[in-house]
Amino acid sequence: MSPRRSRPRGSEPEKSRSNESGSGGGWLLEQTESYRGEDWLVRPVAGDSGKFYRCPGCDQEIPPGVGHLVAWPASAIGSVGGVDDRRHWHRACWNARERRGAAVQRGRNAPRY
């Protein structure tokens, strides 16, 4: 007995994605969102760069291979500091950014983002 096909023969998989943010998906490259009274550009990444990043929301590492978001101030576009202003966030941390308290207290020798 052969396994059941998930779509009829001859139909192409749908590749279009909406630009609405929702639960889990619906992203088309990047979106503009507000954070601390400033507009930020937010883009999902697959996490396949092989690097560790530190989430500014929870101060925990984001290991390689874990999908997450990259956010940077919209005002940084075209300026020299654009790359330095990018922050890698867990999706849940970015969604809870307004509910979190003040910045996490870090030790003197703790690494910067």
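The values are calculated or read from the model by the stated rules, or taken from the named source; none is laboratory data. The structure presented is a predicted model; accordingly, all values stated were derived computationally and were not measured. Cβ atoms come from the backbone with ideal geometry, glycine included; neighbour counts cover every protein chain shown. Ligands, DNA and RNA are stripped out before the accessible areas are found, and what is left, the full protein with its side chains, is counted by its heavy atoms. Shrake-Rupley method; radii C 1.70, N 1.55, O 1.52, S 1.80 Å.
Of all residues in the stretch 1-34, those being modelled with pLDDT of 85 or more and open to solvent by less than 80 Å² (accessible area, probe 1.4 Å) number 3. Being under 18 Å from HIS90 (Cα atoms) and either in a loop (DSSP other than H, G, I, E, B) or at pLDDT below 90 (or both): is that true of SER49 here? Yes.
The residue that is most open to solvent (accessible area, probe 1.4 Å), counting only those in the stretch 47-73 that are β-branched (Val, Ile, Thr) and more than 17 Å from GLN31 (Cβ to Cβ), is VAL66. Residues in the stretch 30-46 that are assigned to a loop (DSSP other than H, G, I, E, B) and touching a strand residue (DSSP E or B) at 6+ places or on another chain (Cβ under 6 Å): GLU30 alone.
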